[in-house]
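Novice: Attaching a single structure in structure tokens format; questions to follow.
Every read-out reported here was derived from the displayed coordinates using simple, explicitly stated rules and does not represent laboratory data. As the structure is a computational prediction, the values presented were derived from the model and not from experiment. Here the Cβ is made from the backbone with ideal geometry for all residues, glycine too, and neighbour counts use every protein chain on show.
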Amino acid sequence: MNIDKDEEVVREMVRKDYVVFAPKSDRDLRRDYTELWDYPALAKLSNPSEVLFCWWYAIRCSPIIELPDEKRFPIAVEQSFKGRRADEIKKMYAAPGQAPSLPEEWKAACKVMSGFNPAMRIQMAVDNLFALRECQRHIRQENRGGQEDRQDYLKTLKIAREIQRDILKDIERGNYGVEEKKNTTLENLEGIASQFHKQQVRR
């Protein structure tokens, strides 16, 4: 087994800038990450923009998560809703400069979002890749032994294929929500929190 090569793969993944359940396009987050349908509070939201708002407002890897509620709320709304609807929501749920009073359904969905552990999910996605490489190595190894070796290989092959199928299910459900930032819409939003602070200073 080439441990050094496998460790380098893991190190490369860790070096990359990963986020969890981040938007990839204008599509519903639940379409890109079907795991999200497993959570009743998120499945209950009828508008995809509401799901996106909960991501921006509550998930730990949101670019604005360190801002206080009253400053985070308007940015999350603007990133999730369009035009007049964004203005209506900001006026509806928060007085200027005040923390928002969110609908109960949004509160429940935000609680789910805030409960996701990005570090653990990224580690599990890394482990999936490592396990997949191990399975491929066992499947593709050349067997030149006798009958007993052949039987051992077939047993290993069966286990490896079962593990591959499990990993495939994870990947098709969104791979624990893990995605490299450059493949999401966040790539063009660097410094959004600092930009907000600068706007406040100018006022």
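Novice: May I ask you to derive the FRET efficiency for residue 95 and residue 46 from their Cβ-Cβ distance with R0 = 22 Å, giving the value to the nearest 0.05?
Specialist: Details: r = 26 Å, r/R0 = 1.18.
After rounding, the FRET efficiency stands at 0.25.
Novice: Under a crude label model (7 Å from the Cα following the beta-carbon direction), how far is residue 187 from residue 166 in nanometres?
Specialist: Simple spin-label model gives 3.3 nm for this pair.
Novice: Once you put a point 7 Å from the Cα of residue 139 and another 7 Å from the Cα of residue 24, both along the Cβ direction, what distance in nm separates them?
Specialist: Taking the simple label geometry, residue 139 and residue 24 are separated by 2.1 nm.
Novice: Hey, another quick one. Take residue 117 and residue 105, extend 7 Å from each Cα along the Cα→Cβ direction, and tell me the distance between the two endpoints in nm.
Specialist: 3.1
Novice: How fast does segment 37-138 diffuse by Stokes-Einstein, in µm²/s, taking the Kirkwood radius from C-alpha pairs at 37 °C and 0.692 mPa s?
Specialist: Working: Rh = 15.1 Å.
So the translational diffusion coefficient is about 217 µm²/s.
Novice: Using the count of nearby Cβ atoms within 10 Å as a rough guide to exposure, how do 37, 106, 55 rank from fewest to most?
Specialist: Values: 37 12, 106 19, 55 27.
Fewest-to-most Cβ neighbours within 10 Å comes out as 37, 106, 55.
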